[in-house]
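The values are calculated or read from the model by the stated rules, or taken from the named source; none is laboratory data. Please read these numbers as outputs of a predicted model, since none were measured by experiment. Ideal geometry is used to build each Cβ from the backbone, glycine not excepted, and the neighbour counts take in all protein chains shown. Protein only, heavy atoms only, side chains kept; ligands, DNA and RNA dropped before computing areas. Shrake-Rupley method; radii C 1.70, N 1.55, O 1.52, S 1.80 Å.
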Amino acid sequence: VGPIAITDGLILLTQTSRMLRLYFSGKHYYADLLDLFNDVTTYAQNWYYFEDNFWQGVIIVIAQVEFLTASGQLLDQIATNEVHKYQNNYHNIAEYKTSYCSFYLPVACALLLSGQSLHDYVQMKQILVEMGVYFQAQDDYLDCYGDPTVIGKIGTDIEEFKCSWLFVQALQRADDKQKDLLFENYGKSDPVCVEQVKALYKGLDLERAFSEYERESYDKLISNIEAQPSEAIQAVLKYFLHKIYKRRK
């Protein structure tokens, strides 16, 4: 019902390529089936390269990421208005909603295009996943504390009852009275309620908490990156990390 129905539709749509891969991958007509189903669902572009196993690998990765991202969006929408039930799933929401499409997919495609096997880069995938979770936490922080003239929007996570990093941290740190105040005001568009939530965040010192989280995330990511055997992979991952570390938009 409502926006969740749209995400449900996307989940069903992404199942097409997953089912075809499950039952027909490796068959000589696999490419033709992919082409047919993409035509029927109006997603047809130019799929003639599918006859090459190389391009099949690229499309399989893209299809996997489409499904994972749609799953993350669904988790995010389900969590809205039910944050207290889903606070422990924040990592999963951020991982599926952000990590795969924004961080893993570009690098995975580049590896496939260079003739590499993704099976050799499992640790790299996990690093990119954690980087995406950190990136989503930054987004949540900036939604509340970012300068609208810099980030290009006025944050509405509080009004929309989003399962944000700040909200989850507030629930973990608040006492019963503070939790009552939070649930009384969270998810309401009344500016007074929004300010009550922000005042609570300030009282819980969430700005400092995020600063510590950001530093710890960076240190852990750098440590894991430098443990990678490939200097080229290290360079790519560090480039990604330094592009987002302490970003303000």
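Data for the structure
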| item | result |
| --- | --- |
| Where labels lie 7 Å past Cα in the beta-carbon direction, separation of residue 249 and residue 156 in nm | 2.1 |
| Solvent-accessible ranking of 208, 21, 248, largest area first, probe 1.4 Å | 248, 208, 21 |
| Accessible area of residue 220 in the full protein assembly, 1.4 Å probe (Å², nearest 10) | 130 |
| Sequence of 91, 119 from largest to smallest accessible area, 1.4 Å probe | 119, 91 |
| Accessible area expressed per residue, region 102-233, with surrounding protein chains retained (probe 1.4 Å, Å²) | 52 |
| Net charge of Cβ neighbours under 13 Å - reference residue 248; Lys, Arg +1; Asp, Glu -1 | 0 |
| Ranking by accessible area, most exposed first, for 143, 180 with a 1.4 Å probe | 180, 143 |
| Restraint check, 27/220; 97/246; 179/238; 177/220; 202/249, Cα-Cα greater than 32 Å | 27/220; 179/238; 177/220 |
| Whole-percent carbon and sulfur share, accessible surface of region 131-179, 1.4 Å | 47 |
| Net length gained if the chain between residue 15 and residue 179 were fully extended (0.36 nm per residue, minus Cα distance) | 55.1 nm |
